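In what follows, a single structure is set out as structure tokens and then discussed.
The values are calculated or read from the model by the stated rules, or taken from the named source; none is laboratory data. The structure displayed is predicted, hence computed values, not measured ones. A quick note on method: Cβ atoms are made from the backbone with ideal geometry, for glycine too, and the neighbour counts reach across all protein chains shown. Areas reflect the complete protein model, heavy atoms only, side chains present, ligands, DNA and RNA absent. Shrake-Rupley method; radii C 1.70, N 1.55, O 1.52, S 1.80 Å.
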Amino acid sequence: EFVSVVREENGERVVTTVSPIKATSNYHGTNCLACHDLPEGTVVGAIRTTYSLAELDGQYNRNLIINTAINLGLFIAGLALVFAILRKLVIKPMLVMRQTMHEIEQSADLTHTIELKGDCEVGMLANSINSMLDKFRTSLARVAETAGRVSAAADHIATVSEGTANAAAQQR
């Protein structure tokens with residue numbers, strides 16, 4: 001039977017194979033039965049071969065290091081690309097929104113708007129905040145207008161009241 005054994009020898013791996021040679025009428029172009037008076041198929045010997053695997057192991061280790069370096073490089077490049085995309089699509093617009101909201105909070109000026117363009121979720125959020133600010137601005141303008149009318153009506157009532165008080169005082 002064919003036997004193959006891998007073992008360690010002098011610090012390196014070696015493979016030893018043993019292959020039987022059978023008597024046949026045509027073994028690589030030679031008639032074994034002409035010299036050996038045996039039935040065909042009888043084992044007449046064996047070939048033992050030992051190969052050093054040091055060169056193959058070295059190539060394997062070099063290829064493993066190269067493959068690891070390539071994978072690591074691709075991973076880092078992919079990570080950088082994902083970070084750049086996240087920064088452009090999410091982080092930068094969120095910083096713009098935060099800065100605008102901070103300015104509105106500091107100045108109490110609802111005329112500021114968030115200057116973002118895009119149909120992504122962050123852009124839609126900015127549009128919603130701008131719409132909300134516009135509605136707040138409109139509502140506060142209505143409140144101010146109503147307060148002005150109430151103040152004018154109160155002034156008119158005060159004037160009429162003063163006139164009525166003067167007329168009542170004269171009649172007394």
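Some notes on this structure:
- Segment 73-98 versus segment 145-172: alpha-carbon centroid distance in Å: 65
- Between 46, 18, 34, the Cα set farthest toward the positive side of the dipole of the chain (charges on each charged residue's Cβ, about the Cα centre) is that of 18.
- The Kirkwood hydrodynamic radius of segment 1-126, based on inverse pair distances between different Cα atoms, is 22.5 Å.
- Net charge dipole, segment 27-130: roughly 220 debye, given to the nearest 20, about the Cα centre with Cβ charges of +1 for Lys and Arg and -1 for Asp and Glu.
- Length-normalised contact order of segment 1-124 in % [C-alpha pairs under 8 Å, at least 6 apart]: 17
- Looking at the chain, the accessible area is 78 square angstrom per residue; that uses a 1.4 Å probe and ignores ligands, DNA and RNA.
- Cα-based helix-to-principal-axis angle, 92-107 vs the chain, degrees rounded to 10: 20
- Förster radius 41 Å - calculated FRET efficiency between residue 115 and residue 74 (Cβ-Cβ, nearest 0.05): 0.65
- C-alpha long axis of helix 54-86 to longest principal axis of the chain, angle in °: 10
- Options 116, 159, 139, ranked by Cα towards positive dipole end of segment 102-172, top entry (Cβ charges): 159
- R0 of 45 Å, Cβ-Cβ distance residue 145-residue 91: FRET efficiency to nearest 0.05: 0.65
- Within segment 7-33: backbone nitrogen closer than 18 Å to the residue 43 label point (7 Å, Cα to C-beta): 16-24
- Once the Cβ-Cβ distance of residue 130 and residue 154 is raised to the sixth power relative to R0 = 41 Å, the FRET efficiency obtained is 0.70.
- Max mean-square fluctuation residue, GNM over the chain, Cα-Cα springs under 10 Å, options 125, 33, 64: 33
- A Cα-only calculation for segment 40-102 places Rg and Dmax at 28.9, 97 Å.
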